[in-house]
Every structure is written in C-alpha cells, then in structure tokens.
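Reading through the structure tokens given below for one structure.
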Amino acid sequence: MKQRLLFLGPPGAGKGTQAEQLAKGRQLLHLSTGDLLRAEVKAGSALGQQAEAVMARGELVSDALVLAIVRSRLERQAEEGGSGWLLDGFPRNLAQAEALERLLAELGQQIEIVVLLELDDSVLLQRLLSRGRADDNEAVIRHRLEVYREQTAPLIRYYQEKGLLEGVDASGPVEAIAARITALLD
Ligand code: ADP
C-alpha cells in the first residue's frame, strides 16, 4: 500500500476534499499548504501577514516560506516515527519540487505516487465560484488558473519522467473519484 503521496491538479479539482478523506482513512499526515497558510493568516502571525495579500491576488507565496512550513511538518513526523503523508498543494513549481526532493533525501524518504486530478477549466471555474472563499472571485480564480498552467503544470511532465504520475478523472461524485484514486494505491 502506497503511503507517500502527492496530489497534483488545478485549483478546484477537489484535491483538498479527496486528500482529507484519504488521509483520515489511512492515517496519513495530510499536509495542505493552502490550509496551513490560511491558518497562519487567521492567527495573524508574521508569516500569515506576509502571505495574506499574495494569496488574495492568487499569486504563489514565496518558496522559502512554504518550504519552511513543509520542512517543519515532515521533520516532526519523521521524528515521531510516523510513516505516511499526503502532500496537497505542494510542490507548486519546479523549484519547490526540487527542494522537496532534497528534503526527502535528507529524511531518507521517497514519493511513491503522484496523483493528478484532471478536470475541464469550465467545471473548475463553476466549482470555485460556488465555493466562495476569500480568493474565489472570478478575476482571481482566472489568475490562479493561469498561475497553475504556467508554474504548476510543468510538474506533470517532471513526475511523468520519474515514472510516478497517475492521472485520475476528477469529474462526477466525490465517492466515485475517491474510488478511482483508491484503485491506484494498493
Ligand atoms: P487551490 O487548490 O484552490 O488553489 P490552495 O488552498 O491550495 O487552493 O491554495 C490557496 C493559495 O495559497 C494559493 O493561491 C497560493 O497563494 C497559496 N499557496 C498554497 N500552496 C502554495 C505553495 N506550495 N506555494 C506557494 N503558494 C501556495
């Protein structure tokens, strides 16, 4: 059973929903950089204050900041002897992917599978518009889709070349998508 997972896909593809369920069911650490950043914003920390405006514009917060968050969580989990994790929303560009690789080498760990959630732009837009989060107005959503295409989508090829990538149709009911993902993991 695969225990070190990465979820990739455009905003609105349902990564968070699927990741949360799967992580709970399999006792994996669910590491969502978006959720962690929103928690920092809510807490009003220095880090949160730095991230807030960037997130509201639909841009990516700095690699160093995101990496520091991921590093501390993965290191802590390794110390505690926890085995599995599911990264959701990270890495989001090539620099982050390379930094992750170095971090995992330090920890003696490896990604076992990268699940790509695939969905049409028109459906993504509808889903995001109905979600109503602070960064979910139409102009910002379009910008996030652009940022995804330019910065994150190149990771598809990156992980394909490593033989780690599996695509999943992310349309339809939540349970159907979950079943498609589960079928790839055992
Ligand atoms: P979505 O999947 O809908 O794009 P997320 O919750 O994953 O939403 O991310 C929301 C915002 O948080 C992003 O638009 C970005 O500003 C910031 N963010 C999340 N993860 C990262 C990351 N790995 N690197 C840089 N910024 C990030």
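The values are calculated or read from the model by the stated rules, or taken from the named source; none is laboratory data. What you see is a predicted model; the values in this text were computed from it and never measured. Methodologically, a virtual Cβ is constructed for each residue, glycine included, from the backbone with ideal geometry; neighbour enumeration extends over all protein chains shown. Note: areas computed on protein heavy atoms with side chains; ligands, DNA, RNA excluded. Shrake-Rupley method; radii C 1.70, N 1.55, O 1.52, S 1.80 Å.
Summary table below
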item: Shape box of segment 63-148 [Cα atoms, principal axes, largest first, Å]; result: 42, 24, 23
item: Mean Cβ count within 10 Å, highest first, over the residues of peptides 42-53, 115-126; result: 115-126, 42-53
item: Residues of segment 61-82 with amide N under 20 Å of a point placed 7 Å along Cα→Cβ from H143; result: 61-66
item: Rounded accessible area per residue of the chain, 1.4 Å, Å²; result: 50
item: Proximal lysine pairs, the chain, alpha carbons under 20 Å, eight or more residues apart or interchain; result: 4
item: Summed side-chain charge close to L37 - residues other than L37 whose Cβ falls under 11 Å, Lys, Arg +1, Asp, Glu -1; result: -2
item: Alpha-carbon Debye profile of segment 117-171, log10 I(q)/I(0) at 0.20, 0.25, 0.29 Å⁻¹; result: -0.81, -1.03, -1.15
item: Table column - 3J(HN,Hα) (Hz), segment 12-24, Karplus curve with 6.51, -1.76, 1.60, x for Gly and Pro; result: x, 6, x, 4, x, 4, 5, 5, 4, 4, 5, 5, 5
item: Volume per residue that the Cα convex hull of segment 39-186 spans, once the total is divided by residue count, Å³; result: 138
item: Mean shadow area of segment 8-75, taken as a quarter of the surface of its Cα convex hull (nm²); result: 5.1
item: In Hz, Karplus ³J(HN,Hα) per residue of segment 5-11 (6.51, -1.76, 1.60; θ = phi - 60°; x = Gly, Pro); result: 10, 10, 9, 10, x, x, x
